[in-house]
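Just below is one structure, and these are the notes that go with it.
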Amino acid sequence: MKSELNTLPAIPAVRDDHILWNQSVKAASMLYRWELVDSYESILRLVHIHQSYLQQEPFKHDKTFLPQLEAQLPLVDGPRIWACFHVGPYALMTRALIRREYGIAILLKDEVFEEQYPMYVTQFEKSFGREPKPSELQFVRSSGSTSLIQLKRLLKDGFHVICYIDGEEGGSGEKGWTQIHVHNTTLDVRMGMSILSQLSGVPIRPVVLTTEGEKLTVRSKGDLYVNNREQYQATMQSCYNLLEDLSAEELLQWESIPRLFERTISTKIETWEPPIWLPVYAKQKNMLLDVVSGKCAEVPAGQFEKMDTLRREFLKQI
């Protein structure tokens, strides 16, 4: 067996369904690392669940989940900084808050601003039958030097701010980052939301949405007030603690899971546990991933086909 890099190889040329399969394997591997699954069968079952989740149609949840979100979303007595995650039907948060007649400001990373801004507007038009008014929806670029000032002004004007706090893990060498823990993994996260709360005096309200069939579950904490910089890290950790309340099946709805596996896997993992090999797809290579160690290996075509056949036969039985 020829050893390769311990992270999955670049896969831009493989089929779309193979890319989705690789994402599911990474997600299940991360959950194994978090000790939420412990066997070949349970890992493949989660891969199957994740595959089904990835292939759902987008924007289909308005009639099913939006009324449930409106009923479960905590009532507040003024502007809030909503600490959201890319989990479940998270895009519903904007629509649910607007239907409460709140003005909403959304913080978007500069590199995705041009792509996501029209998506938000289009979805608003689908939901409400018209373009959003400036009093209903505002967008702020996170990379701008005045972004905190803009958000502070909008909060003062009564707007609620939606921040997706799980979008920029990594790069701890820069200022404005801190470390938090999810299960047994250390992550580097930005503290901008905590800084904004201190500057504005507006509390943070963490929230996570997950689904099971036609049922929506809303998890939220009470208001988190940030009075000084010494509270920045603890506030971010408190937000992320919501994720530890999720089951393995619910965590599969977190878009960041496959990327977390890539970013946190270590080349120095040593274990006496037997390997659990799953096939992964790469251009012109037959690759297997050991879920236990996180290492990849290139294998002969016959061995790859054998492993691929085993997983296909197991999935047919689910």
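The values are calculated or read from the model by the stated rules, or taken from the named source; none is laboratory data. Owing to the predicted nature of the structure, the values given are computational and were not obtained by experimental measurement. Ideal geometry is used to build each Cβ from the backbone, glycine not excepted, and the neighbour counts take in all protein chains shown.
Residues to consider are Leu199, Leu187, Leu224; find the one that is hydrophobic (A, V, I, L, M, F, W, C) and within 21 Å of Leu75 (Cα to Cα).
Leu224 is the lone residue from the list that is hydrophobic (A, V, I, L, M, F, W, C) and within 21 Å of Leu75 (Cα to Cα).
Can you go through Leu288, Leu310 and tell me which one is out of contact with any Cys (no Cβ under 6 Å at 6 or more places or on another chain), within 20 Å of Val47 (Cα to Cα) and at pLDDT 85 or above?
Details: Leu310 fails: at pLDDT 85 or above.
Being out of contact with any Cys (no Cβ under 6 Å at 6 or more places or on another chain), within 20 Å of Val47 (Cα to Cα) and at pLDDT 85 or above holds for just one of Leu288, Leu310, which is Leu288.
Is one or more of the residues making up the stretch 72-81 surrounded by fewer than 18 Cβ atoms within 10 Å (Cβ to Cβ), touching a residue at least 60 places away in the same chain (Cβ under 8 Å) and of a type in the set (A, V, I, L, M, F, W, C)?
yes
Answer yes if at least one residue in the stretch 277-298 is over 20 Å from Met191 (Cα atoms) and of a type in the set (Asp, Glu), and no otherwise. Spell out how you get there, then give the answer.
Of all residues in the stretch 277-298, those over 20 Å from Met191 (Cα atoms) come to 277-298.
From what's left, of a type in the set (Asp, Glu): 290, 298.
Yes: the stretch 277-298 contains one or more residues that are over 20 Å from Met191 (Cα atoms) and of a type in the set (Asp, Glu).
Can you run down the residue pairs with Cβ atoms below 8 Å, 6 or more apart or on separate chains, where the first is in the stretch 121-143 and more than 16 Å from Leu108 (Cβ to Cβ) and the partner is basic (Lys, Arg) and modelled with pLDDT of 85 or more?
From the stretch 121-143, the pairs are Ser127/Arg95.
Restricting attention to the stretch 269-285, does a residue exist that is part of a loop (DSSP other than H, G, I, E, B) and farther than 26 Å from Arg33 by Cα?
Within the stretch 269-285, the first condition is being part of a loop (DSSP other than H, G, I, E, B), and the residues that meet it are 269-276, 283-284.
Okay, now just the ones that are also farther than 26 Å from Arg33 by Cα, so 283-284.
Yes, some residue in the stretch 269-285 is part of a loop (DSSP other than H, G, I, E, B) and farther than 26 Å from Arg33 by Cα.
Looking only at the stretch 99-134, which residues are within 26 Å of Val226 (Cβ to Cβ), in contact with a helix residue (DSSP H, G or I) (Cβ under 9 Å, 6 or more places away or on another chain) and not small (Gly, Ala, Ser)?
Arg100, Ile104, Ile106, Leu107, Leu108, Lys109
List the pairs whose first member sits in the stretch 94-105 and is over 18 Å from Lys156 (Cβ atoms), whose second member is among the acidic types (Asp, Glu), and whose Cβ atoms are under 7 Å apart, counting only residues at least 6 apart or on separate chains?
Ala96/Glu70; Ile98/Glu136; Arg99/Glu70
Just to verify a result, which residue in the stretch 12-26, among those that are buried (at least 18 other Cβ atoms within 10 Å of the Cβ) and either out of contact with any Phe, Trp or Tyr (no Cβ under 7 Å at 6 or more places or on another chain) or not in a helix (DSSP H, G or I) (or both), is modelled with the lowest pLDDT?
Start the filter on the stretch 12-26 by keeping residues that are buried (at least 18 other Cβ atoms within 10 Å of the Cβ), which leaves 14, 21-26.
With the extra rule that they be either out of contact with any Phe, Trp or Tyr (no Cβ under 7 Å at 6 or more places or on another chain) or not in a helix (DSSP H, G or I) (or both), the set shrinks to 14, 23-25.
Details: Val14: 52, Gln23: 93, Ser24: 93, Val25: 93.
Step by step, filter the stretch 12-26, then rank; the result is Val14.
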